[in-house]
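A short write-up of the structure that comes next.
The values are calculated or read from the model by the stated rules, or taken from the named source; none is laboratory data. What you see is a predicted model, and the numbers here were worked out from it, not measured in a lab. Cβ sites come from the backbone with ideal geometry, for glycine too, and all protein chains shown count toward neighbours.
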Amino acid sequence: MPRPRFARLPAEKKAAILEAAALEFGALGFADASINHILEVAGISKGAAYYYFDDKEDLFLTVVRHFSAQLGIDDLRDLADQLTAEKFWSGLAELFRIPLASSFESPTAFGVLRAAGELWRTKPQGEGPLAALAEEQLGFLSRLFERGQRLGVIRTDVPQELLLAWTRALDDANDRWMLEHWHELDRAGLMAAADRLVDAIRRLASPQPTTEEHIS
């Protein structure tokens, strides 16, 4: 987490640092982002940066937490626990729609979320903060799928690890498409993209009809 001196910075200076970092991480992801370029854009020296953050990971996590809170991501966990069998898929679509609707006015925020999403798609090794964030994201999706299986709306004939891999691949493809077409999409277009993603997940993850049901 950021050092106390960061919290004491003027709001404008904090916002400039977070925005510069968000643009860099959103465009290049964590691994390829340059902390030197972030500092240059934000107008602070490399020496001063270590008064505010421990390292690049600390800065990245600070940016992810900031924009996640701004977009209401943390509140979605409570909504997920309230999903019912009848409203599971429509509720899941809403979970995808909410942050997209919030990020419509801020593609920078969407870029940050996508950079964070890369972590649960690539699963960093070790026990560091990036691995912990990836595990947190995977854990949320795992719990969501486990709830769906208990409700009878998620198939149980496929290993959960494979279901998660399918979902990661679909989510990545959808994110890439939205980023390529962001400036062509209005709010309704973004909502439609979220609905298409959830529909694709539903088609893969829903219980499959038995042989007898196919014949009948």
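Structure data summary
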{"item": "Residues located in the stretch 151-181, provided they are without any contact (Cβ under 8 Å) to a residue 60 or more places away in the chain, part of a helix (DSSP H, G or I) and hydrophobic (A, V, I, L, M, F, W, C)", "result": "LEU162, LEU163, LEU164, ALA165, TRP166, ALA169, LEU170, ALA173, TRP177"}
{"item": "All helices (runs of 4 or more DSSP H) inside the stretch 22-102 with 2 or more residues being at pLDDT 85 or above", "result": "35-42, 56-70"}
{"item": "Test set (1) surrounded by 14 or more Cβ atoms within 10 Å (Cβ to Cβ); (2) part of a loop (DSSP other than H, G, I, E, B); (3) not polar (S, T, N, Q) - MET1 fails condition number", "result": "(1)"}
{"item": "Members of the stretch 20-64 found to be surrounded by 17 or more Cβ atoms within 10 Å (Cβ to Cβ) and closer than 22 Å to GLU105 by Cβ, listed by number", "result": "ALA20, ALA21, ALA22, LEU23, GLU24, PHE25, GLY26, ALA42, THR62, VAL63, VAL64"}
{"item": "Qualifying residue in the stretch 20-43 (condition: without any contact (Cβ under 8 Å) to a residue 40 or more places away in the chain and either assigned by TED's automatic domain parsing to the domain that holds ASP175 or polar (S, T, N, Q) (or both))", "result": "yes"}
